[in-house]
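Quick note: the coordinates plus some simple rules give every number you see, no bench work behind them. As the structure is a prediction and not an experimental result, all values here were calculated from the model. Neighbour counts are summed over all protein chains in view; Cβ atoms, including those assigned to glycine, are modelled from backbone coordinates with ideal geometry.
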Amino acid sequence: MRLRLQRDSLRRNRSSRFAAISYMLAAVLAASGCGYHVVGRVNALPEGVHTIAIPAFDNRTTQYRIEQILTQAVVHEFIARTKYRVVPEADGADLVLQGEVTNIASGAVLFDPTTGRATTVLVTVNLRIALQDRAGKILYQNSNLVFREPYEISVDISSFFQEEGPALDRMSRDFAAQVVSDILEKF
């Protein structure tokens with residue numbers, strides 16, 4: 001009886017090992033064919049592109065210099081991540097990236113429970129981006145990019161520091177990284 005129990009246990013162990021190995025093999029095969037790739041390794045832009053023009057974005061808001069901050073962040077990201085030459089004017093460029101800041105809004109999201117004053121504000125920026133070649137063919141377009149960045153407001157007046165500018169800088173870096181990744185990987 002004991003020998004029979006050991007054989008049954010051995011068979012169950014073998015079948016469970018076989019099932020585990022089968023599941024792992026199936027998962028590896030499925031993942032290898034599903035289109036995943038390492039970020040930054042794919043370039044979906046046409047061959048022969050050497051120059052990208054990134055003129056200053058248009059600003060349809062009342063926020064001072066927001067278009068300059070966002071344009072500068074995108075230029076920096078393209079220079080840091082690609083081999084393309086980035087120029088400010090479309091003349092002679094292989095591709096032109098145009099952007100437009102369509103809206104910026106901020107609103108309190110957290111409040112001090114004792115005073116009722118706002119302690120955290122969320123700034124939200126809406127943008128449009130389009131990348132075109134010389135013939136005017138749109139290679140990438142997103143008409144509804146939305147980026148948000150929270151920042152804290154000090155409740156202590158003596159240690160008050162205007163945090164909106166640094167929050168916009170952080171958000172512009174996130175925006176630039178996302179846009180350049182989307183363009184290069186054609187998502």
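Show me 136-143, 68-75 ranked by packing, highest mean number of other Cβ atoms within 10 Å first.
Going by the mean number of other Cβ atoms within 10 Å, highest first, we get 68-75, 136-143.
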Using only the alpha carbon atoms of region 51-185, find the Kirkwood hydrodynamic radius as the inverse mean reciprocal pair distance, in angstroms to one decimal. 16.1 Å
Compute the signed sum of charges (Lys and Arg +1, Asp and Glu -1) over the other residues within less than 12 Å, Cβ to Cβ, of Ile54. -2
Taking R0 as 30 Å, what's the FRET efficiency between Thr119 and Ile79 from their Cβ-Cβ distance, rounded to 0.05? 0.20
Coil-residue GluC sites (Glu not before Pro) of region 52-106, DSSP, other Cβ within 10 Å capped at 11: Glu89
FRET efficiency for Gln68 and Asn144, using Cβ-Cβ distance with R0 set to 25 Å, rounded to 0.05: 0.70
